[in-house]
1. Could you list, in sequence order, all residues of region 16-37 that are modelled with pLDDT of 95 or more and among the charged types (D, E, K, R)?
2. Is it true that some residue in region 81-89 is under 14 Å from the mean Cα position of the chain (by Cα), at pLDDT 90 or above and among the aliphatic types (A, V, I, L, M)?
3. Of the residues Pro103, Pro75, Pro60, only one is surrounded by 13 or more Cβ atoms within 10 Å (Cβ to Cβ) and touching a Leu at 6+ places or on another chain (Cβ under 6 Å); which?
4. State whether the residues of region 81-98 include one that is out of contact with any Pro (no Cβ under 6 Å at 6 or more places or on another chain) and closer than 17 Å to Glu29 by Cα.
5. Could you check region 33-88 and list, in sequence order, the residues that are over 14 Å from Val3 (Cα atoms), part of a loop (DSSP other than H, G, I, E, B), aliphatic (A, V, I, L, M) and out of contact with any strand residue (DSSP E or B) (no Cβ under 7 Å at 6 or more places or on another chain)?
6. Only one of Ala30, Ala107 is within 20 Å of Glu117 (Cα to Cα) and out of contact with any Lys or Arg (no Cβ under 7 Å at 6 or more places or on another chain). Can you tell me which?
7. Go through the residues of region 15-35 one by one and say whether even a single one is more than 22 Å from Phe101 (Cα to Cα) and over 13 Å from the mean Cα position of the chain (by Cα).
8. Does Gly47 satisfy being in contact (Cβ under 8 Å) with a residue 60 or more places away in the chain, surrounded by 16 or more Cβ atoms within 10 Å (Cβ to Cβ), in contact with a helix residue (DSSP H, G or I) (Cβ under 8 Å, 6 or more places away or on another chain) and of a type in the set (Gly, Ala, Ser)?
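The values are calculated or read from the model by the stated rules, or taken from the named source; none is laboratory data. Note that the structure is predicted; figures quoted are calculated from it, not measured. Here Cβ is always computed from backbone atoms with ideal geometry, including for glycine, and neighbour counts include all displayed protein chains.
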Amino acid sequence: MRVLLVDDSPDILLLAGNLLRLEGFEVVEAQSGAAALAQLAGGPWDGLIIDVQMPDMSGPELVRRLSASTAHRPPVVFLTGDFDDPALAALDPAGVVAKPFDPGSLAHRIRRLLAGEDDDGHVAGGSHQAA
């Protein structure tokens, strides 16, 4: 599974990137929204893992720009350490992973979210049957 990991924190990029690689993900990293937009041209991507708060543009703004420029947007998982951020109100809570995250469950959770499943194995928007 090829994913683009976008976070302004070098520590998060290193930790999450290495954890995901150990779990078999192909990870490309970007440290800003602008860098992510440049990397996205090198797709295809199976999923995007994006920090909600970044200095140059928010994660939701990055997704809006991507959605406006392409017909196919891969599934998105947002990372955040601030659940009081107003930007979260417009996001699907099933697609948000809290920072700090549990290293043992990060890859599993992201794999499920990118597959469109919630934490209980239900397909999002489906009839709540395990996939």
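1. Arg21, Glu26, Glu29
2. So the first thing to find is which residues in region 81-89 are under 14 Å from the mean Cα position of the chain (by Cα), and the list is 81, 88.
When the remaining residues are screened for being at pLDDT 90 or above, the result is none.
No - not one qualifying residue is present in region 81-89.
3. Details: Pro103 fails: surrounded by 13 or more Cβ atoms within 10 Å (Cβ to Cβ); Pro60 fails: touching a Leu at 6+ places or on another chain (Cβ under 6 Å).
Going through Pro103, Pro75, Pro60 in turn, the sole match is Pro75.
4. Going through region 81-98, the residues out of contact with any Pro (no Cβ under 6 Å at 6 or more places or on another chain) turn out to be 81-86, 88-98.
Right, trim to closer than 17 Å to Glu29 by Cα and you get none.
Scanning region 81-98 turns up no residue that is out of contact with any Pro (no Cβ under 6 Å at 6 or more places or on another chain) and closer than 17 Å to Glu29 by Cα.
5. Met54, Met57, Ala71
6. On the way: Ala30 fails: within 20 Å of Glu117 (Cα to Cα).
Just a single option satisfies the conditions, and that option is Ala107.
7. Residues of region 15-35 more than 22 Å from Phe101 (Cα to Cα): 34-35.
Next, only the ones that are over 13 Å from the mean Cα position of the chain (by Cα) stay: 34-35.
Checking region 15-35: at least one residue is more than 22 Å from Phe101 (Cα to Cα) and over 13 Å from the mean Cα position of the chain (by Cα).
8. Details: in contact (Cβ under 8 Å) with a residue 60 or more places away in the chain: yes; surrounded by 16 or more Cβ atoms within 10 Å (Cβ to Cβ): yes; in contact with a helix residue (DSSP H, G or I) (Cβ under 8 Å, 6 or more places away or on another chain): yes; of a type in the set (Gly, Ala, Ser): yes.
Yes: the conditions hold for Gly47.
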